[in-house]
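Worksheet: the structure to be examined is printed underneath.
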Amino acid sequence: MDRKINRRDFNKLSALTGLGLVAGGSSAIMASSANSKVVLAVAGIHSRGLDLTQKFSGLNNCSIKYVIDVDNRYLPKAADAAEENQGKRPLEIKDFRKALDDKNVDGLIIATPEQWHAPMAIEAVKAGKHVYVEKPCSHNPAEGEMLIKAEKKYGKVMQMGNQRRSFKVVEQMIREIHEGLIGDVYFARAWYARKRGPIGMGKVVPVPDYLDWDLWQGPAPRTDYRDNIHPYNWHWFWNWGTGEALNNGTHELDVARWGLEVDYPSRVTSLGGRFHYPDQDDWEFFDTQNITLEFPEKKMITWEALSGLSVSTCSGDRGVMFCGTKGRIEYLSSSYKVFDLDGELISDVTGLRKSADDTNTSDPGLNDYHAENFIDAILGKDTINSPMTEGHKSVLLGHLGNIAAKTGTLLNCNPKNGHIIGNPEAEKMWSREYEPGWEPKV
Ligand SMILES: NC(=O)c1ccc[n+]([C@@H]2O[C@H](COP(=O)([O-])OP(=O)(O)OC[C@H]3O[C@@H](n4cnc5c(N)ncnc54)[C@H](O)[C@@H]3O)[C@@H](O)[C@H]2O)c1
């Protein structure tokens, strides 16, 4: 029987882990040395978590012991998927802390709504577990900094789910950019487009009996349950989500930052609004947004999002174009094209895999390699491709864009850490208000 979470329990767990009474670790080896496979738990298994359950249970050097969700309708399907791949059926539970209490669990995969990402990841490393946390790793910039602190303090493997860091095609493109294929790169234009309909005006309704609304909300200040939040549409409310800039923007902003070899911006500006469906629903973020980030190295990134259209004004529905002094590269999800300064096509690269006989992936490295990298890093066979130190810097770009758009101000930032300078209204958004008693602590 699952124990019912309450605020006192959460504090109790925090207090124990804070005192170091729950096993922590300092190396990338499995917590339960007797295991021949890395043992995992997956939290939030409706959509992305179901994909990850399928991915990880399909690898031969790990197994899933728990599937976890506060909505009990989704548990059997995820358990079925894991059982089909690994033979053994995982346990179906509601409270992630039960998995953290299990000394045989080595790692927690987090695919919950975003108010939970950093707080749950921090609790997990405090309990000695490795963490794969979906993008964006944080709900606000302060949480990203807490994750870096936690990564250093507890020494566990932490991977953000921005899987492009493990795409073979992206690895090769970034290597070529860094080797000077298109000269000195100074500008990256990133974009994203998706046809999303309106979400309606939410009505307050009784919490369905299949859902633990208190545990769903966790660290977020409490609200009544409304009928257009769960699942998925929480993305468009500031209390739980981070909008398209971090929902999908994280992927391309990260590739852009990686290619340009920049860390923190010095100036950020953004405009955006609910322009496609004005006044038709209670969606709080922007469906049309443009973010511009300037870096002290005389480099710039722009990101454009159209969350009402299925096609962008650029090629495809998402991508990054890099401009250099000798040419440009246009990157789409699993391919890239190189052009010279006159626009002549130099090369067209698509669908790279680890090796020609690699049949382990259904798509060219899209998700499988990132999952494999996480397990290999735990086993000490590889270094992690997207640690919190890097993940935070990319996620911060979207947070700063959202803060600039929300406050309607140009942000001046400290290029050493991205902190906002001389703008009290914007600086307030560096962190968030927490439900009392649920504040994350490293
Ligand atoms: N890397 C990628 O390409 C990719 C793709 C899709 C989604 N994502 C990310 O994955 C996350 C989940 O997205 P989604 O579309 O699956 O959302 P979703 O709303 O469909 O699913 C989230 C699930 O988490 C559950 N949940 C909420 N609180 C929980 C808790 N305390 N413990 C356990 N479960 C809890 C919900 O009940 C729900 O079933 C988001 O952060 C999203 O950005 C990443």
State all residues of region 204-229 that are surrounded by fewer than 20 Cβ atoms within 10 Å (Cβ to Cβ) and within 26 Å of Q289 (Cβ to Cβ); if no residue qualifies, say none. P221, T223, R226, N228
When the residues of region 357-408 are filtered to those that are among the β-branched types (V, I, T) and at pLDDT 95 or above, which remaining residue is nearest to the ligand (Cβ to nearest atom)? V395
So which residues in region 86-115 are near the ligand (Cβ under 10 Å from one of its atoms) and part of a loop (DSSP other than H, G, I, E, B)? K94, D95, A111, T112, P113, E114, Q115
Report the residue count in region 272-321 for those that are under 30 Å from R226 (Cβ atoms) and of a type in the set (A, V, I, L, M, F, W, C). 9
List the pairs whose first member sits in region 375-387 and is touching a residue at least 60 places away in the same chain (Cβ under 8 Å) and closer than 14 Å to Y132 by Cβ, whose second member is assigned to a loop (DSSP other than H, G, I, E, B) and of a type in the set (S, T, N, Q), and whose Cβ atoms are under 6 Å apart, counting only residues at least 6 apart or on separate chains? I375/N61; S386/N162
Is there a residue in region 146-153 that is within 24 Å of E372 (Cα to Cα), more than 10 Å from the ligand (Cβ to nearest atom), touching a residue at least 40 places away in the same chain (Cβ under 8 Å) and within 15 Å of the chain's Cα centre (by Cα)? yes
Selected residue (only one of A118, A78, A82, A142 is near the ligand (Cβ under 10 Å from one of its atoms), touching a helix residue (DSSP H, G or I) at 6+ places or on another chain (Cβ under 8 Å) and assigned to a helix (DSSP H, G or I)): A78
Residue satisfying all of: in region 64-79; touching a Leu at 6+ places or on another chain (Cβ under 7 Å) and within 22 Å of F374 (Cβ to Cβ); surrounded by the most Cβ atoms within 10 Å (Cβ to Cβ) among these: V67
Inter-residue pairs, beta-carbon under 6 Å, first in the same structural domain as S63 (by TED's automatic domain parsing) and in contact (Cβ under 8 Å) with a residue 12 or more places away in the chain and in region 83-94, second of a type in the set (G, A, S) and surrounded by 15 or more Cβ atoms within 10 Å (Cβ to Cβ), 6+ apart: N85/S57; N85/G58; Q86/S57; Q86/S63; P90/A79; P90/A82; E92/A79
Quickly run through region 177-228 and pick out the residues that are assigned to a strand (DSSP E or B) and either without any contact (Cβ under 8 Å) to a residue 40 or more places away in the chain or assigned by TED's automatic domain parsing to the domain that holds A118 (or both). V204, R226
Out of all the residues in region 66-96, which are in contact with an Asp or Glu (Cβ under 7 Å, 6 or more places away or on another chain) and of a type in the set (D, E, K, R)? R89, K94, D95
Could you identify the single residue in G180, G197 that is within 23 Å of E304 (Cα to Cα) and among the small types (G, A, S)? G197
Taking R73, is it within 10 Å of the ligand (Cβ to nearest atom) and among the basic types (K, R)? yes
Tally time: how many residues in region 337-356 are modelled with pLDDT of 95 or more and under 13 Å from I174 (Cα atoms)? 2
Quick check: anything in region 240-249 within 20 Å of V320 (Cα to Cα) and either among the basic types (K, R) or away from the ligand (no atom under 16 Å from the Cβ) (or both)? no
State all residues of region 210-228 that are within 23 Å of R97 (Cα to Cα) and either within 12 Å of the ligand (Cβ to nearest atom) or among the basic types (K, R) (or both); if no residue qualifies, say none. Y210, L211, D212, W213, D214, L215, W216, Q217, G218, P219, A220, R222
Any residue at all in region 293-316 that is surrounded by fewer than 17 Cβ atoms within 10 Å (Cβ to Cβ) and of a type in the set (K, R)? yes
Are any of the residues in region 43-50 more than 16 Å from G161 (Cβ to Cβ) and either of a type in the set (S, T, N, Q) or touching a Gly at 6+ places or on another chain (Cβ under 7 Å) (or both)? no
Go through V169, V207, V185 for me and flag whichever is modelled with pLDDT under 95 and either within 16 Å of the ligand (Cβ to nearest atom) or within 15 Å of E330 (Cα to Cα) (or both). V169
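The values are calculated or read from the model by the stated rules, or taken from the named source; none is laboratory data. Keep in mind it's a predicted model, so treat the numbers as computed, not measured. Ideal geometry is used to build each Cβ from the backbone, glycine not excepted, and the neighbour counts take in all protein chains shown.
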